[in-house]
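The structure appears right after this line, and notes come after that.
Bear in mind these aren't lab numbers, they're just calculated from the coordinates by the rules spelled out. All values derive from a computational prediction rather than experimental measurement.
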Amino acid sequence: MTLQRISIDHQIMGGVPCVSGTRVPVAAVIGLMAEGVAPTEVLVHYPQLVIQDVLACLEFAATAIDERHLPLKLPA
């Protein structure tokens, strides 16, 4: 399971989900990909990662969205 490559530790980056063993936030990886950066190009930005880490970030993001705890817009 690729989610084992993601860690959340309040002593590392204030508990922001990161690639295990690094201080690379999942959001940074997903943000690059949202800008159109290919998964293999993410490795150029973060050479300490491997492709499985990038895929784990994608899986983590998909799982987080699937939780269905979306913010509701309050009426004006």
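Just a few scattered comments:
- From its DSSP helices (H runs of at least four residues, each -39,500 (n - 2.57)), the chain gives a residue-normalised ellipticity at 222 nm of -12500 deg cm²/dmol.
- Per-q log10 I(q)/I(0), the chain, q = 0.17, 0.20, 0.28 Å⁻¹ (Debye; single scatterer per alpha-carbon; no solvent): -0.65, -0.84, -1.36
- Just checking the listed ones, Ile12, Ile51, Ile65: in the Gaussian network model of the chain with Cα springs under 10 Å, the one fluctuating most is Ile65.
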